[in-house]
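Worksheet: one structure, shown below.
Coordinate-derived values only; no laboratory data. Because the structure is predicted, anything quoted here is derived from the model rather than measured. Cβ coordinates were reconstructed from backbone atoms using ideal geometry, including for glycine residues, and neighbour counts include every protein chain displayed.
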Amino acid sequence: MTGHPLVVAITGASGAPYAVRLVEALVAAGQPTWLVVSDHGIRLLRTESGIDSVEALRARVGVAAWDRVVRVFDDRDRGALPASGSVLTAGMVICPCSMGTVAAIAHGTSRSLVERAADVTLKERRRLVVVPRETPYSDIHLDNMLRLTRAGAVVLPASPGFYRRPTRVEDLVDFVVGRVLDHVGVSHAMPRWEGGVEES
């Protein structure tokens, strides 16, 4: 990972624990992070995690550590730094990523900073990781995700593995967040597969 900031967006798809854990992990790793939270993302954080503002998320993560690496941008400001291709970044993660956001990116109709930053990430050939949390997928969803994949994005559904025999919700969240961190080159200590266990 370079010293360039990683753009992180939180949108309105279910999956707030993934978003909170991702931000915590990036802050713990000292990764410069540019955070954009949509209005629906705030509603999601409130509903699923009891976090009713970006300030509350900052408090949850830890103010001192947050202030060292996180910079917040308004989703309504399409002229902010993440919207410019000439500004170097380490890529972008949208976690969770709503199907509306997937569709907007897939069709190049950027109406917000989240969508514009993703558009820029693709056009500059940087890593874009989208984390959808929807089930089942319609033909339209699948087509849009295929468009993103063909454009160079990584579609990484919030589908945790069970081969480590998780015992807590946090284990499932860490599985997905660890995979996200792998795809953006951020080191972490989250558990990995260590080989099968033979049953007697």
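Observations, loosely collected:
- For the stretch 80-133, residues that are within 13 Å of THR11 (Cβ to Cβ) and acidic (Asp, Glu) total 1.
- Among the candidates THR11, THR33, residue that is crowded, with 20+ Cβ neighbours inside 10 Å and in contact (Cβ under 8 Å) with a residue 40 or more places away in the chain: THR11
- Residues within the stretch 119-136 that are touching a residue at least 12 places away in the same chain (Cβ under 8 Å), outside any strand (DSSP E or B) and under 23 Å from PRO17 (Cα atoms), tallied: 3
- Any hit, the stretch 43-62, residues being of a type in the set (Lys, Arg) and buried (at least 18 other Cβ atoms within 10 Å of the Cβ): yes
- Residue within the stretch 17-26 that is in contact (Cβ under 8 Å) with a residue 12 or more places away in the chain and in contact with a Lys or Arg (Cβ under 7 Å, 6 or more places away or on another chain) present: yes
- Consider the stretch 73-101 and keep the residues that are assigned to a helix (DSSP H, G or I) and either in contact with an Asp or Glu (Cβ under 7 Å, 6 or more places away or on another chain) or not aliphatic (A, V, I, L, M) (or both). The one that is surrounded by the fewest Cβ atoms within 10 Å (Cβ to Cβ) is GLY100.
- Look at the stretch 99-111: where a residue is over 15 Å from VAL131 (Cα atoms) and a partner is in a helix (DSSP H, G or I) and among the charged types (D, E, K, R), sitting 6+ places away or on another chain with Cβ atoms under 8 Å, you get HIS107/ARG147; GLY108/ASP119; THR109/GLU115; SER110/ARG116; SER110/ASP119.
- For the stretch 137-170, the tally of residues that are among the β-branched types (Val, Ile, Thr) and touching a residue at least 24 places away in the same chain (Cβ under 8 Å) stands at 4.
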